[in-house]
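First comes the structure, then the notes that go with it.
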Amino acid sequence: MRFIKQLFIAGVALAGASVASADPAIPAFGFETTTGFLNTGWHCEGGGIDANICNMNFSQLNGNGSYDRLAWGVPSSIQGGLPANRSQSYLQITNLAGSIITNGGWVDINYFDHYNHIITIAGGNMEGVNISGLFEITSPISVGIPGVNSVYFDETPNLNARNCPGPNPNHSACDDIFVTSGLNGSAPIFNDGNGWYILSFQFFAGAGTTIVDNGDGTFTIYTTEACSTDGLAGCGVGETYVPGFSRLITQARIDYIAIPVPAPETLALLGLGLMGFALRRPRKQG
């Protein structure tokens, strides 16, 4: 927000301008996203790409050169006498497209779904992966905002609650844990001559997900374990096997702020600055 305030102050200070209208000239913006997992720079717990001890598997290549689906781990053949689930745990990204109404509130732009199966400890776990994000305003103007975000993961075995770390904000047992740098942020993207259109992002917790703001620019995200609908980890006798399902949602909004109109030459300079703007999320240092 400091960048936005400085930009507004500069525009007002350098211009002798009239008072702007409070009504935005652009009622809505079209958008699309192309976000996915990068198959470079990832690592398993206890080994890197060469070892691939956690059987990292990338699939569903998208137009951004990244992948919509990431699976890992060795499927458990049996759990507490139950039939084999025979599936890796995996993350699935859904890229959305649509429109954002000016001053209309938050709009979903991505879904990150975690299908949390029971996998063997011996098979190794996914520990870190990079996500390449591209959010684009497609109409009536064209603005692309790229970024690369590192995600760190802690696989929690499906054991009883006594053997799992706590506290657990989901109020269930043995949830898996992701740590990532935050998506929260705002930036001006366009001036219609009377005011600025401000694009903002945030995380939103969907089903089976709890988000904790760590206060240092990172977020801890808890996702539900398999067979934990009764509040206990692991599949009990007679309990139907169901993989844990969690959804993390990324959202965007566009707000209009009417401000005095800078002189034409000032607008040109500010426009050139904005052309090079890229919202990038900082990498968490391990």
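The values are calculated or read from the model by the stated rules, or taken from the named source; none is laboratory data. Just so we're clear, the structure is a prediction, and the values are computed from it rather than from any experiment. All Cβ positions, even for glycine, are placed from backbone atoms using ideal geometry, and neighbour counts span all protein chains on display.
Could you check region 121-136 and list, in sequence order, the residues that are crowded, with 19+ Cβ neighbours inside 10 Å and either in contact with a Cys (Cβ under 9 Å, 6 or more places away or on another chain) or over 28 Å from residue 29 (Cα atoms) (or both)? Passing the criteria: 124, 125, 126, 127, 129. Scanning region 135-151 for residues that are under 13 Å from the mean Cα position of the chain (by Cα) and modelled with pLDDT of 90 or more yields 135, 151.
With exposed (fewer than 13 other Cβ atoms within 10 Å of the Cβ), closer than 19 Å to residue 169 by Cα, at pLDDT below 60 and of a type in the set (Gly, Ala, Ser) as the only criterion, which of 231, 215, 273, 286 stands out? Of 231, 215, 273, 286, the one residue that is exposed (fewer than 13 other Cβ atoms within 10 Å of the Cβ), closer than 19 Å to residue 169 by Cα, at pLDDT below 60 and of a type in the set (Gly, Ala, Ser) is 231.
For residue 177, the requirement of being under 15 Å from residue 114 (Cβ atoms), β-branched (Val, Ile, Thr), part of a strand (DSSP E or B) and modelled with pLDDT of 90 or more is not met. Restricted to region 80-113, and to residues that are modelled with pLDDT under 95 and buried (at least 19 other Cβ atoms within 10 Å of the Cβ), which residue is farthest from residue 205 (Cα to Cα)? Per the stated criteria, the residue is 85. For region 3-53, residues that are more than 21 Å from the chain's Cα centre (by Cα), farther than 19 Å from residue 252 by Cα and at pLDDT below 90 total 28. Going by the structure shown, is residue 116 modelled with pLDDT under 90 and closer than 19 Å to residue 252 by Cβ? Taking the combined requirement at face value, the residue does not satisfy it.
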